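Working notes for the structure below.
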Amino acid sequence: MGTFLVKTTPTGVKFDLKAGNGEVILSSEVYSSEAACTKGMNSIIKNAPIARLEDQTVEGYETAINPKFEVYKDKAGEFRFRLKARNGQVIGASEGYIQKHSCLNGIESVRKNAADAKIVYAEKE
């Protein structure tokens, strides 16, 4: 079972989705309020299971309709993904992965862990 770890930062509130093994598999933006952060978590729960996959690392890739996971390479050459909601807003992003299959496994882990993730509030940073 996954966990949404909610953290208060100096500029707002954010969350990390952790897999059952404790690894962070997706991080949010910093939200201005706890209510907005909760909406972000609910959007992950709603959109992750139905999101399509858009692999931007393949030449001539087909653009997927939102909600979607976008797989791309960053400036360091690592594979990353971001989850976009129906409105096109990015609602979560991954860390960098050396191998593409690890990145794709991260997406599957988000799909699996988001649905029944518990919410835990961390101490202030």
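Provide the gained length on full extension for the span SER27 to LEU53, in nm with one decimal, where the gain is 0.36 nm per separating residue minus the Cα-Cα distance.
Values: separation 26, 0.36 × 26 = 9.36 nm, distance 1.82 nm.
That works out to 7.5 nm of additional length.
Within region 50-118, list the GluC sites (Glu not before Pro) lying in a DSSP loop whose Cβ has at most 10 other Cβ atoms in a 10 Å radius.
Details: sites: GLU54, GLU59, GLU62, GLU70, GLU78, GLU95, GLU108; in loops: GLU59, GLU62, GLU78, GLU95.
Sparse-neighbourhood loop GluC sites (Glu not before Pro): GLU59, GLU62.
Need the list of aspartates and glutamates near LYS68 for cross-linking: C-alpha distance under 14 angstrom, and skip anything on the same chain fewer than eight residues off.
Hits, sequence-local ones excluded: GLU54, ASP55, GLU108.
Which percentage, to the nearest 5, of the DSSP beta bridges contained in the chain is antiparallel?
75
State in Å² the accessible area per residue of the chain; use a 1.4 Å probe, count heavy atoms of protein chains only, and round to the nearest integer.
Details: 6940 Å² over 125 residues.
Roughly 56 Å² per residue, with all protein chains present.
Can you pull the Rg over Rh of region 1-73, Cα-only, Kirkwood? Please list the in-between numbers first.
Details: Rg = 14.2 Å, Rh = 13.7 Å.
Result for region 1-73 is an Rg/Rh of 1.04.
Subtract the Cα-Cα distance of HIS101 and LYS75 from 0.36 nm times their separation in residues, and report this length gain in nm to one decimal.
On the way: separation 26, 0.36 × 26 = 9.36 nm, distance 1.85 nm.
Going from the current span to full extension adds 7.5 nm.
Can you compute the helix-only [θ] at 222 nm over the chain? Use -39500 (n - 2.57) per DSSP H run of at least 4 residues, normalise by all residues, nearest 500 deg cm²/dmol. List each step's numbers first, then the result.
On the way: 2 runs with 29 residues, N = 125.
After summing the helix terms and dividing by residue count, I get -7500 deg cm²/dmol.
What do you reckon, how do MET1, MET41 stack up by accessible area (1.4 Å probe), largest on top?
On the way: MET1 135, MET41 5 Å².
Final ranking, largest accessible area leading: MET1, MET41.
Pick from GLY96, GLY106, GLY60 the residue whose mean-square fluctuation is largest in a GNM of the chain, springs joining Cα atoms under 10 Å.
GLY60
Could you work out which residue, out of ALA85, ALA35, ALA114, moves most in a Gaussian network model of the chain, that is, has the largest mean-square fluctuation with Cα springs under 10 Å?
Of ALA85, ALA35, ALA114, the most mobile in the Gaussian network model is ALA35.
Pairing the Cα long axis of helix 100-114 with the longest principal axis of the chain, what angle in degrees results, from 0 to 90 and rounded to the nearest 10?
Between the helix axis and the principal axis of the chain, the angle is about 40 degrees.
Which one, ASP55, ASP74, ASP16, has the greatest fluctuation when you compute a Gaussian network model over the chain with C-alpha springs under 10 angstrom?
Most flexible of the set in this elastic network: ASP74.
Just to make sure I understand: if all protein chains stay in place, what is the order of LEU26, LEU104 by accessible area at 1.4 Å, largest first? Walk me through the intermediate numbers first.
Numbers: LEU26 0, LEU104 60 Å².
Descending accessible area places them as LEU104, LEU26.
Find, among the trypsin sites (Lys or Arg not before Pro) in region 21-125, those assigned to loop by DSSP (not H, G, I, E, B) with at most 16 other beta-carbon atoms within 10 angstrom.
Working: sites: LYS39, LYS46, ARG52, LYS68, LYS73, LYS75, ARG80, ARG82, LYS84, ARG86, LYS100, ARG111, LYS112, LYS118, LYS124; in loops: LYS75, ARG86, LYS124.
Within region 21-125, the qualifying trypsin sites (Lys or Arg not before Pro) (loop, at most 16 other Cβ atoms within 10 Å) are LYS75, ARG86, LYS124.
The values are calculated or read from the model by the stated rules, or taken from the named source; none is laboratory data. No experiment lies behind these values; they were computed from the predicted model shown. As a convention, Cβ positions derive from the backbone with ideal geometry for all residues, glycine included, and neighbour counts pool all protein chains shown. Only protein heavy atoms, including side chains, enter the accessible area calculation; ligands, DNA and RNA are left aside. Shrake-Rupley method; radii C 1.70, N 1.55, O 1.52, S 1.80 Å.
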